[in-house]
Amino acid sequence: MSKDYTPLWKELGLDLVKHDGLLSVLSDAYKNIYLSQKNRPEGMKYFDFVISEVHGLRIEELYEAKKEKRKVIGTFCVYVPEELVLAVDGVYVGLCAGAEVGFEEAEKYVPRNTCALIKAFMGFKLSGLCPYVELTDLIVGETTCDGKKKAYEIFDEITKKMYVMEIPNMKNEEDRQLWLNEVKKFKNKLEEISGKQITLSFLKKSTEIVNQKRKALQRLSSLRAYDPPPISGLDSLLVNQIAFYDDPVRFTMKVNELCDEIEERVKKAEGVVPKGTPRILISGSPFAIPNWKLHAIVENSGAIVVGEESCVGYRNFRNLTDENFNSIDEGIEKIASRYMSIDCACFTPNTERIDNVTKLYKDLKADGVIHYALQFCTPYMIEAFKIDRKIDFPFLRIETDYSMEDFGQLKTRVEAFIETLK
Ligand code: BJ8
């Protein structure tokens, strides 16, 4: 870290001893998993820096933003419209939810058999380890899976900052209308807490900023289709994870610089692994930082991850918002419609996800799909069976959590799957 942030962490009420422990585990894991990779693009240096400062410089930036009366909005889901947050000059951040932290504390409020992502966001807060949650003015939840819905009630008792958007379960006309109303209500809420009115020009600008970010991520994704692959799955995953934390304009610029470099690699047929290395598409539940377990297993087992059909991945950037609107109402409708096209397994039916997995598999020239569901994540665990029945390419279904206990067993299964692809 570039400087000592202890006074800031202290002011935010973090548990300094535990927090030091967390950062040191994170830094060791990063060195082992990331910095040991060979032939990484130079452009990854920026993302290495961001991760080294994930609880440092970025936290200081948010702290400064708050001094300028900008509102910090925390989220756990890609359904929360980032465009609206930026339109009130707010800062949009994904909150800590990717490590087995504070589970003992969390299990005082939720059952043991709750998915790791939920236990992690509660655990981070309850053990005083997430500076982001302390800086938020509003935490926006959503009625996606049952676990999140009920956990948000408890999280509100703990934080007193929750605002929950209702996400319908289906996508019929009346559901779309419900969602449009939710997006309008969210706009009003943001205007109320920020004291700023969304104007047409702010809305247009913020929509453009978020679309530019998505386009940069799409560009990175399409470069992963080349063989030999010019960037590792681990590095690409990291970029997709940082998309939820970093300043969007700076992030977009850095992703595009990385893509410029990768395009040069492609021209020279330069890859991080030899041509013909088995190519894996991972599909399923999201990977919050620092959940790098599955990618690390795949890439240390003789294969490469070429895509993530996941909210930390393709589901986050697949669709742009239509920028062609001439009134605020029209803009809100375009935004609502863009978010309604997300194919989360919480919807029924969710057939478009099968089409999207198939398309991505073909576009990225994958050899096999590993379906990854967090244990106790019923929507994704069940949908995995459906996808398996409908597709005709190699498919491995796994369920795991954030612990390292099943590392050996998972590695054996992944290695055996990769063998069948050679
Ligand atoms: S749009 S995937 S980010 S809800 S893993 S908490 S679903 S039990 S995170 Fe998600 Fe939004 Fe959907 Fe994406 Fe529940 Fe499953 Fe846990 Fe999950």
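Worth a mention:
- Solvent-accessible surface (1.4 angstrom probe) belonging to Leu294, in square angstrom, nearest 10: 10
- Reachable aspartates and glutamates, given that their alpha-carbon falls under 12 Å from the alpha-carbon of Lys45 and they are not under 8 places away in the same chain: Asp235, Glu257
- Percent of C-alpha pairs per 5 Å bin in the range 1-147, short distances first: 2, 9, 16, 19, 20, 17, 13, 5, 1, 0.
- Residue-normalised accessible area of the range 36-79, given per residue in Å² at a 1.4 Å probe: 43
- Taking all protein chains together and rolling a 1.4 Å probe, Ile193 ends up with roughly 50 Å² accessible.
- Using alpha carbons only: equivalent-ellipsoid semi-axes of the range 91-226, gyration tensor based, whole Å: 28, 21, 18
- For the range 115-167, the set of GluC sites (Glu not before Pro) satisfying both a DSSP loop assignment and a count of at most 16 other C-beta atoms within 10 Å is given as Glu166.
- Computed log₁₀ I(q)/I(0) - Debye formula, equal Cα scatterers, no solvent, the range 60-168, q 0.09, 0.22, 0.24 Å⁻¹: -0.22, -1.21, -1.38
- At 0.692 mPa s and 37 °C, Stokes D of the range 306-395 from Kirkwood alpha-carbon radius, µm² per second: 226
- The range 105-168 pair-distance distribution - Cα-Cα, 10 Å bins, rounded %: 22, 57, 20, 0
- Distance from the C-alpha centroid of the range 247-298 to that of the range 171-246: 19 Å, rounded to the whole angstrom.
- Sorting Ser327, Ser127 on solvent-accessible area from highest to lowest, probe radius 1.4 Å, gives Ser327, Ser127.
- Solvent-accessible area, 1.4 Å probe, carbon plus sulfur percent, for the range 183-336: 51
- Counting only the Cα atoms, the range 1-59 fills a convex hull of 67 Å³ per residue.
- Two-decimal log10 I(q)/I(0) for the range 363-413, as the Debye equation yields it once each C-alpha is a single scatterer, q = 0.15, 0.24 Å⁻¹: -0.47, -0.98
- Directionally averaged shadow of the range 339-381, computed from the convex hull of its alpha-carbon atoms, nm²: 3.6
- Among Leu22, Asn350, Pro228 the positive-end extreme of the charge dipole of the chain (Cβ point charges): Pro228
- Rolling a 1.4 Å probe over the heavy atoms of the protein chains gives the range 355-411 an accessible area of 50 Å² per residue.
- The chain: most fluctuating residue of Gln409, Gln241, Gln212 per GNM, C-alpha cutoff 10 Å: Gln409
- Here the Debye sum runs over all C-alpha atoms of the range 153-296 as equal scatterers in vacuum, and log10 of I(q)/I(0) at q = 0.10 Å⁻¹ comes out as -0.55.
- Cα-based Rg of the chain normalised by 2.2 N^0.38 Å, two decimals: 0.94
- The protection proxy used here, the mean number of other Cβ atoms lying within 10 Å of each residue, ranks peptides 272-278, 250-256 as follows, highest first: 250-256, 272-278.
- Sorting Asp367, Asp392 by accessible area puts them as Asp392, Asp367; the probe is 1.4 Å, largest comes first, and only protein heavy atoms count.
- The solvent-accessible area of Arg70, taken with every protein chain present and a 1.4 Å probe, is close to 60 Å².
- Counted over all Cα-Cα pairs of the range 273-422, pairs farther apart than 23 Å make up 39 percent.
- When the Cα convex hull of the range 260-344 is projected onto planes of every orientation, the mean area is 8.1 nm².
- Among the listed pairs Lys69/Lys185; Lys31/Lys148; Lys149/Lys171; Lys125/Lys205, those whose Cα-Cα separation exceeds 25 Å are Lys31/Lys148; Lys125/Lys205.
- Per-residue ellipticity at 222 nm computed for the chain from its helices equals -16000 deg cm²/dmol, with DSSP H segments shorter than 4 residues left out and the rest contributing -39,500 (n - 2.57).
The values are calculated or read from the model by the stated rules, or taken from the named source; none is laboratory data. Quick caveat, the model's predicted, so the values are computed rather than measured. Positions of Cβ are generated from backbone atoms using ideal geometry, with glycine treated the same way; all protein chains shown enter the neighbour counts. Keep in mind that these areas ignore ligands, DNA and RNA; they rest on the heavy atoms of the full protein, side chains included. Shrake-Rupley method; radii C 1.70, N 1.55, O 1.52, S 1.80 Å.
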